[in-house]
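Student: Here you go, one structure.
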Amino acid sequence: MSLCFLLSCRAGILLAFVMAVVVSATPSAAASAAEPAAVRTLRHVVLFKFKDSSTPADVARIVEAFRGLPQRIPVIKGFEWGTNVSPEGKAEGFTHCFFVSFATEADRDAYLPHPAHKEFVGIVGPHVDKVCVVDYWTQP
């Protein structure tokens, strides 16, 4: 992932998070060889800033559609989501964060073009002002 992409997210809180992820996601060769693959999880983080024209009902429909993907796409290992509650005021309009977990990069790569994911993209697309996506391997 390029640093230019990470910087394009522009949200201060996101930038700090992303930089921490980048730094921690580059383990030494010895550490990655010694660490069993089953311990690590590939996280696909998606943050949305919705258009001002999107209603609460639109956003609720989008959340429900995203929440339904784990039942429709078997390679999803875990899913969680939430809304921004940070008191820092640095979210730059990003309100919703979704974590989709995968066991392997191949699973993530199968998820992206999956018909259910493409259907979801069609639902959310008209309502998104900005989106930021970061993938990283968890570290103990």
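Student: Around residue 128, under 10 Å between beta carbons, what's the net of Lys plus Arg minus Asp minus Glu among the other residues? Kindly include the intermediate steps, with their values, before the conclusion.
Tutor: Details: positive: 49, 51, 130; negative: 129.
Charge balance near residue 128 sits at +2.
Student: Among 83, 41, which comes first, then next, by fewest other beta-carbon atoms within 10 Å?
Tutor: 83, 41
Student: Excluding residue 76 itself, calculate the net charge of residues whose Cβ lies under 10 Å from the Cβ of residue 76, where each Lys or Arg counts +1 and each Asp or Glu counts -1.
Tutor: With Lys, Arg at +1 and Asp, Glu at -1, the neighbours total +2.
Student: Going by how many other beta carbons lie within 10 Å of each one, how would you line up 135, 129, fewest first?
Tutor: Ranking 135, 129 by Cβ neighbours within 10 Å, fewest first, gives 129, 135.
Student: Can I ask one more? Hey, got a sec? Which GluC sites (Glu not before Pro) in the range 37-130 land in a DSSP loop and have at most 12 other Cβ atoms within 10 Å?
Tutor: 88
Student: When Lys and Arg each count +1 and Asp and Glu each count -1, what net charge do the other residues less than 15 Å away from residue 107, Cβ to Cβ, add up to? Can you show the working numbers first?
Tutor: On the way: positive: 40, 43, 72, 77, 108; negative: 105, 109, 135.
Spelling it out: positives minus negatives among the neighbours equals +2.
The numbers here are math on the coordinates, done by the rules we state, and not lab data. As the structure is a prediction and not an experimental result, all values here were calculated from the model. Note that each Cβ is placed from the backbone with ideal geometry, even for glycine, and that neighbours are counted across all protein chains shown.
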